[in-house]
Amino acid sequence: MLLTNQVAVITGGAGLNGLGFATARQMAAQGATVVILDLARAEPAAAAARLGEQHLGLVADVTDKAACEAAAAAVLQRFGRIDVLVNNAGITQPVKTLEITGADYDRILDVSLRGTLYMSQAVLPAMRQQRAGSIVCISSVSAQRGGGIFGGPHYSAAKAGVLGLARAMAREFGPEGVRINCITPGLIETDITAGKLSDEKKAEINATIPLNRLGRADDVAGACVFLASSLSAYCTGITLDVNGGMLIH
């Protein structure tokens, strides 16, 4: 198995139909001990229990630096190491440029961008001490193509910021054995899209995608497993597109 004896932390991972939980499920299947972080209302402990009793769910708000540090400390106390972090937590809002308020901007960027920084800061000391680790940051095709279907310009800005942050961290921590990479999903069918696309609209979108379908959570999860594992041992600072060919560049 690809992740035997590895401890993997996944933020925003409690939604059973989301990218985070799909990643947790695949990583557990590859031998990892998985820690799911999410807000209390998402019930991360219950989500982790679905994977098996050896896995852990913790309540943590990634916009709160102290909460991120406490979560990392709890993982280290329980398991003694952190090998993988998937910065998956993110929120979106479908509004146009002139409709974005300051509160909207702060809310969207706080979760995706500030949360990626704070959680990375929380695990990096342990990874540096181990001289090994993999951080996978979830960005979006909307950062590359200038907007998406469900996210406004501030969402694109947040996800573009994730790309820049991850690349800079990759340069900084590569010499210490820590790899940091990004995934840019295309339109993936999750709870965010559920009930919001008619069959006609899906067919219209599919016609623009070379693989002729919307993405599935497991498509992104598989890419996360690859970047977490030794199969990608010589990859850092990369952006891995998982979009079915929606954007070829």
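FYI, it's all coordinate maths here, none of it is from the lab. Just so it is clear, the structure is predicted and the values come from calculations on it, not from any experiment. Cβ placement follows ideal geometry from the backbone for every residue including glycine, while neighbour counts extend to all protein chains displayed.
So, by mean Cβ neighbours within 10 angstrom, what's the order for 153-166, 62-75 with the highest one leading?
Result, highest mean first: 153-166, 62-75.
Cut-off 20 Å, label point 7 angstrom out along Cα-to-Cβ of TYR105: give me the residues of region 142-171 whose amide nitrogen falls inside.
It comes to 143-144, 146-148, 151-165, nothing else.
Starting from the Cα of ALA29, step 7 Å along the direction of its Cβ; do the same at ALA66; then give the gap between the two resulting points in nm.
4.0 nm
Given only helices, namely DSSP H runs of n ≥ 4 each adding -39500 (n - 2.57), what is the per-residue ellipticity at 222 nm of the chain, to the nearest 500 deg cm²/dmol?
Counting only the DSSP helices, I get -12500 deg cm²/dmol.
Using the alpha-carbon centroid of each, what span in Å lies between region 145-196 and region 10-50?
Here the two parts' Cα centres lie 19 Å apart.
For helix 19-29, report the angle its Cα long axis makes with the longest principal axis of the Cα atoms of the chain; keep it between 0 and 90° and round to the nearest 10°.
The helix 19-29 is inclined about 40 degrees to the chain.
Evaluate the charge dipole of region 7-117 about its Cα centre and quote only its size in Debye, nearest 20, assuming +1 on the Cβ of each Lys and Arg and -1 on the Cβ of each Asp and Glu.
For this selection, approximately 240 debye.
Residue separation times 0.36 nm, minus the C-alpha to C-alpha distance between ARG216 and ARG145: what's the value?
23.6 nm
Translational D (Stokes-Einstein, µm²/s) of the chain at 4 °C and 1.567 mPa s when Rh comes from the Kirkwood sum over C-alpha pairs?
72 µm²/s
Order of TYR105, TYR118 from fewest to most other C-beta atoms within 10 Å?
Ordered by Cβ neighbours within 10 Å, fewest first: TYR105, TYR118.
In nanometres, what is the gap between the two model label sites at GLU200 and ALA132, each 7 Å from Cα along Cα-to-Cβ?
Label at GLU200, label at ALA132, 5.6 nm between them.
Counting pairs of alpha carbon atoms under 8 Å apart in space and at least six apart in sequence, what relative contact order in percent does the chain give?
Reported as a whole number, the value is 19 percent.
In what sequence, highest mean first, do 36-42, 94-100, 22-28, 141-147 appear when ranked by Cβ atoms within 10 angstrom?
Result, highest mean first: 22-28, 36-42, 141-147, 94-100.
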